[in-house]
Structure formats: structure tokens, C-alpha cells
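Here's the structure we're looking at; comments come further down.
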Amino acid sequence: MTSAFHDLPIGSPASLAGELSIEIERAILQLVVDGFERWQSGGFERAGDYENHFTVRLVACMNEIRRERNLSLVPRYQFVEPTDEMLAGRADPDRAPCIDIVVSWGFLTEDAYVSIECKRLAPDHLARLYVVCGIDRFVRGYYGSKARVGGMVGYVIRGTPGEVIQRVNAHVAVNQSMGPAHTLMPAEAIGPLNTVFESNHGRPSPLQRIRLTHLIFDVSMIGPET
């Protein structure tokens, strides 16, 4: 069956690196949630309990689904984002940021993709790392420098999503690049996932504002904490 995604209004390819339609953004987020549901239904098969062990399985399940549904969305694992300076030969490409997941649509420009960073979460130091090694990198333009939207996946390994988000927001509120206006707020559920949050971030010029969607998945039942 041909996916309805092919009929979505996509607008100008040149502008999609920065802004995309609500329909496409929603389709991408739904694919992430569906990928997690498939991983869960398969018993959370994985090689270990670190972030990358989770994320590579999530991407694999997303790709299974997109092939079955004939989607134009293409999920990729561990995607390197060279800067314009690196591409021009004026900066070291070994320092290029590597984002955990990008979801692109191959029939458009090479810049048309959404970046998604993944982190394990708990109401302890991992909540701080979610902020300083995740959200803050979007705010500073290390991730998604040309984008107006992005995403994060939080794997809750201990505690409840509510406890974790409270700790995350406490760190956001005192972060030098952010502050109380940048805290995560509840957003509309995506399929069965009701632990969905949004945060909006002003960024230093010439970067544009960015809105992040946070998909918080509870994996506390799947095994030992490492």
C-alpha cells in the first residue's frame, strides 16, 4: 500500500532545512513512536543497556516500518553534520557533530531532515546530561544549526517520566544558555505515547529559533541500569 505521506503538502524543498509542514513533522514523530512500540513488542531485544544499544534498535524498527508502509521518510543512525566551514575546507571535519538519528525524505534536498538526539534519563545526573549534552547543543547550534524544529528521545531507565521532566526543567531553568522560558511543557500525545513535551528556544544570531519535541519513553522495566 502506498503511504498517504506521498500526498502531504511539502512546499519548497529549499526551505525545508529550516521549516517543514506540520504534517511531515507529525509523520516523523509518529514513525519514532511506532518504532519504539515495535521494539517493545519484540521484547526490547538489544545488545546492552547503553544509549546506543537502545537507539540502533529504535532506528532498525523505524526502518522496518517505513519499508512496510512504503514511506518516503528515511531514518538514519549516527549522522555526521559537517558545518559550512568544514565543507569549505576551513575547519576540521573531525570535530563535526554527530546526531543520534536523522529522518530525511530522499526526494528533496540533502538538507531536508530532522535531527533527533537521544539520551538515557533518570532523576539524577542523567537529567543534567540530557540538558547540557542534548538540549543545549541545539540551543547553541551545534545540532540543527539551520533548523527551526528538532527532537529528542529520552529513555527513562529509573524513576517516572514526571520525576525526570521535573529534574530536567530544573537544570534548564538555571542553564546559562536557556532559563525558565525554555522549560519543557506538555504537548499533544502521539499515538499511544502521552509523555510528549515541547520546548521553545531563542538562539544567538544568526541562528533562528528552534522548537524541540521531546518523546519520553519508559524503559525502566527492561533490565539492569548501567
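FYI, it's all coordinate maths here, none of it is from the lab. Being a predicted model, the structure only gives us computed values, none of them experimental. Heads up, the Cβs are rebuilt from the backbone with ideal geometry, glycines too, and the neighbour counts pull from every protein chain shown.
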> In the Gaussian network model of the chain, springs joining C-alpha atoms below 10 Å, which of PRO206, PRO186, PRO161 carries the largest mean-square fluctuation?
Replying inline: PRO206
> How large is log10 I(q)/I(0) at q = 0.19, 0.25, 0.29, 0.34 Å⁻¹ when the Debye formula is applied to the Cα atoms of the stretch 113-154, each weighted equally and without solvent?
Replying inline: -0.51, -0.80, -0.98, -1.19
> Which is farthest toward the positive dipole end of the stretch 80-226 among PRO186, VAL196, SER115, measuring Cα position about the Cα centre, with Cβ charges +1 (Lys, Arg) and -1 (Asp, Glu)?
Replying inline: PRO186
>> Explain nothing, just the number: dipole magnitude of the chain about its Cα centre with +1 on each Lys and Arg Cβ and -1 on each Asp and Glu Cβ, in debye rounded to the nearest 20.
In response: 300 debye
>> Restricting to bridges with both residues inside the stretch 81-226, how much of the DSSP beta-bridge set is antiparallel, in percent to the nearest 5?
In response: 50 percent
> Cα centroids of the stretch 167-226 and the stretch 36-98: how far apart, whole angstrom?
Replying inline: 19 Å
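Calculate how large, on average over all directions, the projected area of the Cα convex hull of the stretch 98-203 is; give the answer in nm² to one decimal.
Working: hull surface 28.4 nm².
Dividing the Cα hull surface by four gives the mean projection, 7.1 nm².
Loop only per DSSP, at most 16 neighbouring Cβ atoms within 10 Å: give me the GluC sites (Glu not before Pro) in the stretch 97-202, ordered by residue number.
Values: sites: GLU110, GLU117, GLU163, GLU188, GLU198; in loops: GLU110, GLU188.
For GluC sites (Glu not before Pro) across the stretch 97-202 that sit outside H, G, I, E and B with at most 16 neighbouring Cβ atoms in 10 Å, the list reads GLU110, GLU188.
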> Between [x] 19.7; [y] 17.9; [z] 18.7, which matches Kirkwood radius over Cα pairs in Å calculated for the structure shown?
Replying inline: [y]
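What's the magnitude of the charge dipole for the stretch 66-130 around its Cα centre, counting Lys and Arg as +1 and Asp and Glu as -1 at the beta-carbon? Answer in Debye, nearest 20.
380 debye
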> By per-residue mean of other Cβ atoms within 10 Å, what is the highest-first order of 43-49, 22-28?
Replying inline: 22-28, 43-49
